[in-house]
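Remarks on the structure that follows.
The values are calculated or read from the model by the stated rules, or taken from the named source; none is laboratory data. All values derive from a computational prediction rather than experimental measurement. As a convention, Cβ positions derive from the backbone with ideal geometry for all residues, glycine included, and neighbour counts pool all protein chains shown. When the accessible area is computed, the model is the full protein with side chains, heavy atoms only, and any ligands, DNA or RNA have been set aside. Shrake-Rupley method; radii C 1.70, N 1.55, O 1.52, S 1.80 Å.
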Amino acid sequence: AQDVASAFVVLEQGPIDVVVSDIIMPGESGVEFLARLHAKEPSIAVILFTGEPCVETASEAVRSGAFDYLAKPVSKAALLAVVARAARAKAQHDLNARLMAENEAYRASLERQVATRTEQLSAALRGTIGVVAEMLDTRDPYTGGHQRSVARLSVAVAKEAGLPESLCEGVEMAAIVHDIGKIGVPAEILTKPSRLSPTEFSLVKEHSRIGFEILRKVEFPWPIADIVHQHHERLDGSGYPLGLRGDAVRIEARILGVADVVEAMSSHRPYRAALGTDAALDEILHNRERLYDPVVVDACVRLFREHGFSLA
């Protein structure tokens, strides 16, 4: 090319590996040409040469991204040698770029496959847990409906409290089966239309432990068994079955415990009519910090009294 303008015309006509250019030219200099060229196509190797060599010129060429710098007069052998090195460097650059692109495409493909498989496993897991909840429905219609309602409230409370999405999902899964241990409690006790005796209540309290024993054998992505085990624990240690206190109770179990109380008090029981949502909220507010986590209580109350949440 006779000048910079015509050089760019040539560059548009096909792939170029190496450009050899003088630094001092009429109009645009070789350094300015190099800057424009690399802005357009940074992978092209550029060799600059000049008849007025000095340290400043060489430094400017290198700073501008030149592959190499030659002083005139340039022998044919020297020129061919540096062009050959530049061509090899460009070929290696292109190979690396292609391999990186292939690796990126492969990684993206793997991520899509993992995401798809994760969705399939999640759907299968939800389906399995749903079947378990329905199984409880056939034995105790109250328990099954209660679990689904508690699950909906638990997720809403977890989100209102600002918990991460993964934790919210774990809370939901645990809530759907939190009363699975009642499968080990005699049906006549679960449906008794009057207050339970101390002995009968002690049998009902076993459902947390029974649920833990059933669920701990399953490898869930979340600590489902522990959450179910602890959902009747209270901050002051008065809960059951372990008598845990404060932060020893998992945050998921603290959320599930509050949702369980609110839903139970708001709903009909075999031995009493529904007490209503207001009574349930008064209960958790009255025992805020003593029995129930204050952050969880506040989130639950906001849901009902500020955001219009309903259990219906």
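A few points about this structure:
- When the stretch 207-266 is filtered for residues that are within 14 Å of residue 181 (Cβ to Cβ), outside any helix (DSSP H, G or I) and open to solvent by less than 10 Å² (accessible area, probe 1.4 Å), only 231 remains.
- Residue list for the stretch 257-311, restricted to those being over 31 Å from the mean Cα position of the chain (by Cα) and among the aliphatic types (A, V, I, L, M): 264, 265, 273, 274, 275, 279, 280, 281, 284, 285, 291
- Candidates 53, 42 - the one that is more than 26 Å from residue 220 (Cα to Cα), at pLDDT 85 or above, of a type outside the set (S, T, N, Q) and in a loop (DSSP other than H, G, I, E, B): 42
- Taking (1) over 26 Å from residue 173 (Cα atoms); (2) loosely packed, with under 14 Cβ neighbours inside 10 Å in turn, residue 282 satisfies each apart from (2).
- Any chance residue 126 is within 24 Å of the chain's Cα centre (by Cα), at pLDDT 75 or above and either surrounded by 18 or more Cβ atoms within 10 Å (Cβ to Cβ) or part of a helix (DSSP H, G or I) (or both): no
- Scanning the stretch 143-165 for residues that are open to solvent by 50 Å² or more (accessible area, probe 1.4 Å) and either under 21 Å from residue 190 (Cβ atoms) or modelled with pLDDT under 90 (or both) turns up just one, 148.
- Of all residues in the stretch 264-310 being touching a residue at least 12 places away in the same chain (Cβ under 8 Å) and among the basic types (Lys, Arg), the one that is farthest from residue 233 (Cα to Cα): 305
- Any chance residue 274 is in contact with a His (Cβ under 6 Å, 6 or more places away or on another chain) and more than 14 Å from residue 229 (Cβ to Cβ): yes
- Scanning the stretch 9-23 for residues that are open to solvent by less than 70 Å² (accessible area, probe 1.4 Å) and either among the hydrophobic types (A, V, I, L, M, F, W, C) or touching a strand residue (DSSP E or B) at 6+ places or on another chain (Cβ under 7 Å) (or both) turns up 10, 11, 16, 18, 19, 20, 21, 22, 23.
- Residue 203 being outside any loop (DSSP other than H, G, I, E, B) and more than 22 Å from residue 153 (Cα to Cα): yes
- Of everything listed in (1) modelled with pLDDT of 75 or more; (2) surrounded by 10 or more Cβ atoms within 10 Å (Cβ to Cβ); (3) not β-branched (Val, Ile, Thr), the single unmet condition for residue 134 is (1).
- Check on residue 191, in contact (Cβ under 8 Å) with a residue 60 or more places away in the chain and of a type in the set (Val, Ile, Thr): yes
- Conditions (1) at pLDDT below 85; (2) among the small types (Gly, Ala, Ser); (3) assigned to a loop (DSSP other than H, G, I, E, B); (4) open to solvent by less than 40 Å² (accessible area, probe 1.4 Å); number of the one not met by residue 58: (3)
- For the stretch 27-39, filtering for residues that are surrounded by 12 or more Cβ atoms within 10 Å (Cβ to Cβ) and in a helix (DSSP H, G or I) leaves 9.
- Hits in the stretch 274-306 - residues which are part of a loop (DSSP other than H, G, I, E, B), at pLDDT 95 or above and on the phi < 0 side of the Ramachandran plot: 287, 290, 291, 293, 306
- Restricting the stretch 67-115 to residues that are among the basic types (Lys, Arg) and either touching an Asp or Glu at 6+ places or on another chain (Cβ under 8 Å) or assigned to a strand (DSSP E or B) (or both) leaves a set whose member that is surrounded by the fewest Cβ atoms within 10 Å (Cβ to Cβ) is 85.
- Test result for residue 200, in contact with a helix residue (DSSP H, G or I) (Cβ under 6 Å, 6 or more places away or on another chain), without any contact (Cβ under 8 Å) to a residue 24 or more places away in the chain and over 25 Å from residue 167 (Cβ atoms): yes
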